[in-house]
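Every read-out reported here was derived from the displayed coordinates using simple, explicitly stated rules and does not represent laboratory data. Being a predicted model, the structure only gives us computed values, none of them experimental. Heads up, the Cβs are rebuilt from the backbone with ideal geometry, glycines too, and the neighbour counts pull from every protein chain shown.
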Amino acid sequence: MAKMGVGATRATAVAVFLAVGAVLAQMADPDIVLAPFLVVVLINGLVAYVFARGLMPGRQPLILQIVGLLDSGYGTSPEFRHFVVGQCWIWVGLSLLTSLSGLVAMLVPEHQNFASMVVAGLVVIQIAWFVLSHEYANRRYRRPETWMDTLRVISRPGVWAKLDI
C-alpha cells in the first residue's frame, strides 16, 4: 500500500467531509445538483492544494518532483526553477477557479448553465496549458521532458508514493 504523507491524509479527510456534507446539503435542498460538479470541485480543489503545498517554504514544487522522477539527466537551472514555480502558481489558480466554478454550478441553480460553461472552458484551458507549457519548456529551457512523458510517469501507481504531497 502506498504511503501517504500527513498533507495527503488531511486532504483526503477534507474531501470525504466535503462529499458527505454535499450529500447532506442535497438532502436538505433538492435544488442542489451534485453530479458531475462534486467531482469537479473535489478533484480541482485537491489539485490546487497539492500544488500550493509544494510551494510552501522548505518544500519542493510538485512539478520539480515529477521532473526528478522523469530522470532525464538534465539539471534544473535557476531560470527553469523560477519557471516551474510560476507554473505551479498557474495550476493553483486554474484549479481553484475550476473548483469554485463547479461549486457555483452545484449550489446556485440560476447560474448553473453559465458556471457549467465556465467549468468546461477551464478544463479545456487546463489541457491546453499542460501541453503548451511543456512545449514552451522544451524550446525556452531546452528541456527534454514532453507532456506524454509526464502523463506516462504520473499514470504509474507507484509514482504517487514517491511524491512529497
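About the Cα centre of the chain, what is the dipole size in debye to 20, counting +1 per Lys and Arg Cβ and -1 per Asp and Glu Cβ, all else neutral?
The calculation lands at about 680 debye.
What 222 nm value per residue comes from the helices of the chain, counting each DSSP H run with n ≥ 4 as -39,500 (n - 2.57) and dividing by all residues, nearest 500 deg cm²/dmol?
Mean residue ellipticity, 222 nm, calculated: -24500 deg cm²/dmol.
Restricting to Cα atoms and excluding each atom paired with itself, what does the Kirkwood estimate give for the chain in Å?
In the chain this quantity evaluates to 17.3 Å.
Tell me, what is the percent relative contact order of the chain, built from C-alpha pairs under 8 Å that lie six or more residues apart?
Computed over the chain, the figure is 31 percent.
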